[in-house]
Structure formats: structure tokens, C-alpha cells
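What follows is a short report on a single structure.
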Amino acid sequence: MSPLFNLSGRTALITGSVRGIGFSLAEGLAAAGARILINGRQQTAVDEAVAKLRAAGHAAEGCVFDVIDEAAVEAAFADLDARGIAVDILINNAGIQFRKPMVELEVADWQRVIDTNLTGAFIVARATAKRMIARGQGGKIINIGSLTSEAARATVAPYTAAKGGIKMLTRAMAAEWAPHNIQANAIGPGYILTEMNTALIENAAFDAWVRASNPAGRWGKPDELAGTAVYLASEASNYVNGQIIYVDGGWLAVL
Ligand code: NDP
């Protein structure tokens, strides 16, 4: 592996990494040499994901918290401090989505999606950046956006607002933390085969639409995001800041 993309000696915390895109990103960063901190809300799921990485020969530990529980995030970071573990790379990946027309949407539903996808990223990044700044060794923050950071679709208004917010939050992080040698960038995945999309994958009309509207003619796979994450987590991207890279098979290119 080129030394540019070598993550040996780095510790990466990936939120919502017990499955789906988060777990694939964990595998990708681990393969590049990083020690992984798996995060989830359930201890059992976290332990299982950690065990899978260790069985593949990677260094991994668990870190249980809900990204929207400020006190739990602070307690988890205090625990990492006490164990002498510093986070060099943060991937804000935890996210939820559901589909409902805006005129039927309850404020509580709206709030839950904004909280998980946007406020949670702020809460975890704040705890991480505080420590990166105090250590003075820089760091990498990668926020997971979406095609909806750029393009709106019907029935996912709070998700679209949150992911649009992720794009600008990433720029705000870059503006504020670049002087501390912290690079904050985002990845905007296209339509990816994960549990989040189970209902859509099983919907023949939606599946056909994804294939027809994407020049690649297919859905993306979670492991197709790992290379971009490794790049943004590595020294290869030290002068890249505040950007969002879409990994969508070309979907936005032909929109
Ligand atoms: P999944 O539903 O498969 O996984 C989401 C993960 O986030 C789960 O591990 C879930 O854990 C975790 N999570 C949810 N809420 C919280 C929370 N409050 N605190 C901690 N963890 C939480 O989704 P994907 O892997 O598909 O999505 C990952 C990210 O990629 C999301 O940000 C999503 O918006 C984004 N994305 C996905 C796309 C796709 O097509 N799949 C496209 C564009 C963006 P738990 O088991 O506890 O629920």
C-alpha cells in the first residue's frame, strides 16, 4: 500500500458501524491499518461487529452510545480518555430515514431525523474536535451525506434537510478547524444496497427506476465507499477540506 494511504497507528471512530455502510467503512479503514472503534446503540451488536473485525485480524474495540444522547457521548469520550485512546479519524455515519409526504409529517418525526442525521454529527464531532485541538496533532472528520445533500426527492423532506445540512456543517467544520490541521470532508453515497433501503430494493418499480436513472445501471455496494473514506482519512487528502465527494455511479452527473 502506498504510504500516502497507510492508516497504521491511527484510531478511527465510526458511528453506526455495526452494519451497513458503517461496517464496510470500518473494514476498509481497518484494511488500511487503522484501529477501529465500532459504535452502536446496543452492546450485543457492537460486540458482534468487533468480533468480526478481530476474526479478520484487525484491531477493534467497542464504543456504545446513541449519537443524539449528549450525556452518553460525553461519557463515552471520557471513558476513551481514561483508557488513553485518542480518536484520529471520525466518521459520522449514523443515520435514519423514513418516507412520508410532508403534509402528513409530525414534528416529532421531523425532529428525530434531523437529530440523528445532523445534530448527532455535530455532537460527536464536537467531542472529537475538542480533543484533537487539545492534542495538537490534527485529525480527519468524514461526514456521511447523501445524494439528497445535492438533489431533493419527494417524501424524504427531513432527511433531505438534514443531509443538505451535513454539506454545510462540513464546510463550517473546515472553516473553523482547518487552523488546527483538521480536515473535515463528506461522502455523498448514491443508492446503496443496505438494510436502510430494504423496502425500496424489494419494490420492483423503485428498483427499476434506480437502475434506469443511474448511468452505472445498478445500485452501489457498501464496500464501494471504503476507498473514498480511506483517501479522506489519510495524508493523501491533507489539503482537501470542506468538500463533499459523491459516490453514486454517476447519478448526479446525468440529473
Ligand atoms: P443502515 O440502516 O443499514 O445502518 C444505519 C446505522 O446507523 C445502524 O448501525 C444504526 O444502528 C445506526 N444508528 C441509527 N441511529 C443511531 C443513533 N442514534 N446512534 C448511533 N447509531 C445509530 O443504513 P446505511 O448503512 O444504509 O446508512 C449509513 C449512512 O449512510 C447513513 O447516514 C445514511 O443516511 C447514509 N446513506 C445511505 C444511503 C443508502 O443508499 N443506503 C445513501 C446515502 C446516504 P442501530 O442498529 O442501533 O439502528
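Every number in this text was worked out from the coordinates using simple rules, so none of it is lab data. Small disclaimer: the values here were computed from a predicted structure and weren't measured. Cβ sites come from the backbone with ideal geometry, for glycine too, and all protein chains shown count toward neighbours.
Computed quantities for the displayed model
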{"quantity": "Rounded to 10°, Cα long-axis angle of helix 43-55 versus longest principal axis of the chain", "calculated": "70 degrees"}
{"quantity": "Contour excess over end-to-end distance, with Cα ends at residue 131 and residue 154 and 0.36 nm allotted per residue", "calculated": "4.3 nm"}
{"quantity": "On Cα atoms only, tilt of 70-82 relative to the major axis of the chain in degrees", "calculated": "30 degrees"}
{"quantity": "Radius 12 Å from Cβ of residue 185, net charge of other residues (Lys, Arg +1; Asp, Glu -1)", "calculated": "+3"}
{"quantity": "Using alpha-carbon coordinates, inclination of helix 157-177 to the longest axis of the chain, degrees", "calculated": "30 degrees"}
{"quantity": "The chain: most fluctuating residue of 51, 208, 161 per GNM, C-alpha cutoff 10 Å", "calculated": "208"}
{"quantity": "Cα-based equivalent ellipsoid of the chain: semi-axis lengths in Å, sorted from largest, via gyration tensor", "calculated": "28, 20, 19"}
{"quantity": "The stretch 185-232-the stretch 1-50 distance, computed between alpha-carbon centres (Å)", "calculated": "20 Å"}
{"quantity": "Computed helical MRE - 222 nm, the chain, DSSP H runs ≥ 4 contributing -39500 (n - 2.57), nearest 500", "calculated": "-12500 deg cm²/dmol"}
{"quantity": "Only Lys, Arg (+1) and Asp, Glu (-1) charged, at Cβ; the stretch 3-247 dipole about Cα centre in debye", "calculated": "480 debye"}
